[in-house]
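Report on one structure; see the data block that follows.
Just so it is clear, none of the values below were taken in a lab; they were calculated from the coordinates. Computed from a predicted structure; not experimentally measured. So basically every Cβ, Gly included, is an ideal-geometry build from the backbone, and we count neighbours across all protein chains shown.
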Amino acid sequence: MKTRFFLFALFTFQLANGQVNEENRNLVFDSADLKIIQRADSILSDSLKWNKQDDRECNDDITTGKYSLYCALYKASIDVTGEYVHRRAAMQIVRFTLEKYENGRVKNHRLMDWNNHPDTPFKEVKIVLQESIEAVKKQLMDHNKKS
């Protein structure tokens with residue numbers, strides 16, 4: 001009984017302090033989100049620019065000009081907005097899109113694990129970026145029609 005009370009109290013504390021990480025799948029995009037994903041797609045213009053060994057540390061990717069999916073999105077965020085926001089809608093749509101292709105390749109960090117998995121081909125990285133771009137464009141067009 002004490003264990004249940006402790007767990008309930010801990011969860012309540014985390015919830016009250018914003019520490020429970022529930023992903024919001026109702027994303028709202030702006031034009032910067034579209035530009036970020038398009039920029040990441042251009043950074044990963046061919047397989048020679050792809051780093052298949054992501055460690056979520058992007059300085060070495062920037063130095064070598066070889067980017068993991070995560071670091072391409074990171075660099076694109078800095079290029080477009082001047083900052084990186086981990087749960088920005090642009091980042092999230094790419095995470096959510098790659099879930100269709102993950103097939104057990106993700107254990108902890110979606111972008112890193114999927115990028116690094118031996119079964120992830122560069123062609124699939126490009127597909128995920130293109131599908132993400134299309135999803136953002138669709139929402140932005142739908143919003144413009146309503147305005």
Among all the lysines, which ones have a C-alpha under 21 Å from residue 66's C-alpha, if same-chain residues fewer than 8 places away are not counted? 35, 49, 52, 75, 123, 126
Return the sequence-ordered ³J(HN,Hα) values of the stretch 32-46 in whole Hz as given by the Karplus equation 6.51 cos²θ - 1.76 cosθ + 1.60 applied to θ = phi - 60°, using x for Gly and Pro. 5, 4, 4, 5, 4, 5, 4, 5, 4, 4, 6, 4, 8, 6, 8
Label points 7 Å out from Cα along the Cβ direction at residue 102 and residue 130: separation in nm? 2.3 nm
Relative contact order as a percentage, the stretch 26-82, C-alpha pairs under 8 Å and 6+ apart, gives 42 percent
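Could you sort the peptides 61-71, 119-129, 89-99 by per-residue average Cβ neighbour count (10 Å cutoff), highest mean leading? If you can, show how the numbers build up before the last one.
On the way: 61-71: 19.3, 119-129: 16.8, 89-99: 21.3.
Going by the mean number of other Cβ atoms within 10 Å, highest first, we get 89-99, 61-71, 119-129.
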For the stretch 23-146, averaging the sequence separation of alpha carbon pairs under 8 Å that lie six or more residues apart and dividing by its residue count, the contact order in percent is 33 percent
Could you work out the per residue convex hull volume over the alpha carbons of the stretch 62-147, in cubic angstrom? 111 Å³
Simple spin-label model, 7 Å along Cα-to-Cβ: residue 47 to residue 83 in nm? 3.9 nm
Under 5 Å from the placed amide H of residue 50, counting only residues 5+ away or on other chains, we find 67
